[in-house]
Amino acid sequence: MDALDGNAIAGLLRDVFGTEMTAASGTCAVCGATRPVAETRVYVQAPGTVVRCRSCSSLLMVITEVRGVKCVDLRGLAVLDSTPAG
Amino acid sequence: MAGTAVRGRLTWQTATVSSLTRETPSVCTIALDVPHWGGHQAGQHLDVRLTADDGYQAEREYSIAAAPGEPVAITVERLDDGEVSPYLTDDLRTGDELEIRGPVGGYFVWEAGPHDRPLLLVAGGSGIVPLRAILRHRQRTGATVPTRLLYSARSLADVIYREELGQYHDGVQVSYTLTRSQPPGWTGHTGRVDAALLAEVAWPASQDPVAYVCGPTNFVEAAAAGLIGLSYPDQRVKTERFGGTGGP
């Protein structure tokens, strides 16, 4: 299964964060790379949605839904800044 | 039951299919009558949700094929093993209702501006859809930004919007590469999009262009790497990958 990218979960992220997030910049807690969320590697076929760093493949976000409640794990992100990166 | 939209939140709403256009044997454009649409940008998506009789739901994101200000439309390619696309391309009829929400996305979007950089659009297969919205937006706003489109398809019959793309003249150059089969006398390109083809077709990096690349994951990886190799800065290569098997 090919990875998609953050564009593919624009609606899901909008649901979770209440605002547009694909142009937001995320900083990987492992390698420090800062990129637009749109450029992350996204796996939607996993149980839940898995978002990985394009530079080092570390886990950035995991979003699962359990009985209608979305569970969001952002431990892989050092920074998530919803101000669009220049 | 759409209710009142909470600020910032997306609300599902019922859209009505106003027309269907067969683009290729496996690709269909679905024009939608959407009662509450706040407008969109060229390159944004919308989400479609189908609900089966047993309550099972499947959601997919589709690029909006229409320019801002035009009636909402999506162009969908049938994936033979897909849960959603075969219904949309083969079973849907004018007057049917679809649950949608949107627009979503704010990264892979293009706005006409006073100091536009030359625009390079690189499409693989149905990756042409958001780029078509950008081209139409450019046209409708009277923008003059010099634009090149490189569109990779398997064969001429797989080219979506062929007639429309053939009508662009002023400032838009359209190049095709047909990767699997070419009609007799074909004078366009034939290989996959790679560094050599991009070197021929893309704006030189010295002209400070911005590139939008959309297609299947492998296509996008190859094209983006090719552009970076031509000294396009990372942040001037906007990419969008989709999971379709259709391929360029």
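Restricting attention to region A:22-35, which residues are under 22 Å from B:PRO216 (Cα atoms) and in contact with a helix residue (DSSP H, G or I) (Cβ under 7 Å, 6 or more places away or on another chain)? Talk me through it step by step, then tell me what you get.
Quick first cut of region A:22-35, residues under 22 Å from B:PRO216 (Cα atoms) only: A:22-23, A:35.
Within region A:22-35, A:THR22, A:ALA23 qualify.
If I ask for residues that are out of contact with any Cys (no Cβ under 7 Å at 6 or more places or on another chain), within 25 Å of A:GLY11 (Cβ to Cβ) and buried (at least 17 other Cβ atoms within 10 Å of the Cβ), which ones from region B:109-123 would you list? Break it down stepwise before answering.
Within region B:109-123, the first condition is being out of contact with any Cys (no Cβ under 7 Å at 6 or more places or on another chain), and the residues that meet it are B:109-122.
Remaining after also requiring within 25 Å of A:GLY11 (Cβ to Cβ): B:109-111, B:121-122.
Once the filter is applied, which keeps residues that are out of contact with any Cys (no Cβ under 7 Å at 6 or more places or on another chain), within 25 Å of A:GLY11 (Cβ to Cβ) and buried (at least 17 other Cβ atoms within 10 Å of the Cβ), region B:109-123 yields B:VAL109, B:TRP110, B:LEU121, B:VAL122.
Of the conditions (1) in a loop (DSSP other than H, G, I, E, B); (2) closer than 28 Å to A:ALA3 by Cα; (3) among the acidic types (Asp, Glu), B:GLU221 fails just one. Which one is it?
That leaves (1) as the condition not met.
What do you reckon, is B:TYR62 at pLDDT 95 or above and not in a strand (DSSP E or B)? Walk me through how you get there before you give the answer.
Working: at pLDDT 95 or above: yes; not in a strand (DSSP E or B): no.
Answer is no for this residue.
Of the residues B:VAL220, B:VAL159, B:VAL210, B:VAL193, which is in contact with a Ser or Thr (Cβ under 8 Å, 6 or more places away or on another chain) and within 21 Å of B:TRP110 (Cα to Cα)?
Working: B:VAL159 fails: within 21 Å of B:TRP110 (Cα to Cα); B:VAL210 fails: in contact with a Ser or Thr (Cβ under 8 Å, 6 or more places away or on another chain); B:VAL193 fails: within 21 Å of B:TRP110 (Cα to Cα).
The conditions single out B:VAL220.
Can you name the residue in region B:81-95 that is touching a residue at least 24 places away in the same chain (Cβ under 8 Å) and within 14 Å of chain A (Cβ to nearest Cβ) and is also nearest to the chain's Cα centre (by Cα) among such residues?
B:VAL84
Can you find, within region A:14-36, the residue that is farthest from the other protein chains (Cβ to nearest Cβ) among those that are in contact (Cβ under 8 Å) with a residue 40 or more places away in the chain and part of a helix (DSSP H, G or I)?
A:VAL16
State which residue is farthest from B:GLY106 (Cα to Cα) when the search covers only region B:46-80 and only residues that are of a type in the set (A, V, I, L, M) and within 14 Å of another protein chain (Cβ to nearest Cβ).
Looking at residues that are of a type in the set (A, V, I, L, M) and within 14 Å of another protein chain (Cβ to nearest Cβ), I get B:LEU79.
With in contact with a helix residue (DSSP H, G or I) (Cβ under 7 Å, 6 or more places away or on another chain) and part of a helix (DSSP H, G or I) as the only criterion, which of B:LEU197, B:LEU227 stands out?
B:LEU227
Considering only residues of region A:53-66 that are of a type outside the set (Gly, Ala, Ser) and away from chain B (no Cβ under 14 Å), which is farthest from B:GLU59 (Cα to Cα)?
Of all residues in region A:53-66, those of a type outside the set (Gly, Ala, Ser) come to A:53-54, A:56, A:59-66.
From what is left, the residues that are away from chain B (no Cβ under 14 Å) are A:53, A:56, A:59-62, A:64, A:66.
Numbers: A:CYS53: 24, A:CYS56: 29, A:LEU59: 24, A:LEU60: 23, A:MET61: 20, A:VAL62: 18, A:THR64: 15, A:VAL66: 17 Å.
In this case the residue turns out to be A:CYS56.
Between B:GLY185, B:GLY191, which is surrounded by fewer than 16 Cβ atoms within 10 Å (Cβ to Cβ) and at pLDDT below 95? It would help to see each step written out before you state the result.
Numbers: B:GLY185 fails: at pLDDT below 95.
Answer to the selection: B:GLY191.
Suppose we filter B:TYR212, B:TYR176 for residues that are more than 14 Å from every other protein chain (Cβ to nearest Cβ), among the aromatic types (Phe, Trp, Tyr) and under 21 Å from B:ILE134 (Cβ atoms); which single one remains? Before the answer, list the steps.
Numbers: B:TYR212 fails: more than 14 Å from every other protein chain (Cβ to nearest Cβ).
Every option except B:TYR176 fails the conditions.
Report whether or not A:VAL50 is within 13 Å of chain B (Cβ to nearest Cβ), in contact with a Leu (Cβ under 8 Å, 6 or more places away or on another chain), within 26 Å of B:VAL109 (Cα to Cα) and not in a helix (DSSP H, G or I). It would help to see each step written out before you state the result.
Values: within 13 Å of chain B (Cβ to nearest Cβ): no; in contact with a Leu (Cβ under 8 Å, 6 or more places away or on another chain): yes; within 26 Å of B:VAL109 (Cα to Cα): yes; not in a helix (DSSP H, G or I): yes.
Against the criterion (within 13 Å of chain B (Cβ to nearest Cβ), in contact with a Leu (Cβ under 8 Å, 6 or more places away or on another chain), within 26 Å of B:VAL109 (Cα to Cα) and not in a helix (DSSP H, G or I)), A:VAL50 does not qualify.
Restricting attention to region B:1-45, which residues are touching a Lys or Arg at 6+ places or on another chain (Cβ under 7 Å), assigned to a strand (DSSP E or B) and either modelled with pLDDT under 95 or within 14 Å of chain A (Cβ to nearest Cβ) (or both)?
If the condition is that a residue be touching a Lys or Arg at 6+ places or on another chain (Cβ under 7 Å), assigned to a strand (DSSP E or B) and either modelled with pLDDT under 95 or within 14 Å of chain A (Cβ to nearest Cβ) (or both), then B:GLN13 is the only one that fits.
The values are calculated or read from the model by the stated rules, or taken from the named source; none is laboratory data. All figures in this text were calculated on a predicted structure; none of them were measured in a lab. Note that each Cβ is placed from the backbone with ideal geometry, even for glycine, and that neighbours are counted across all protein chains shown.
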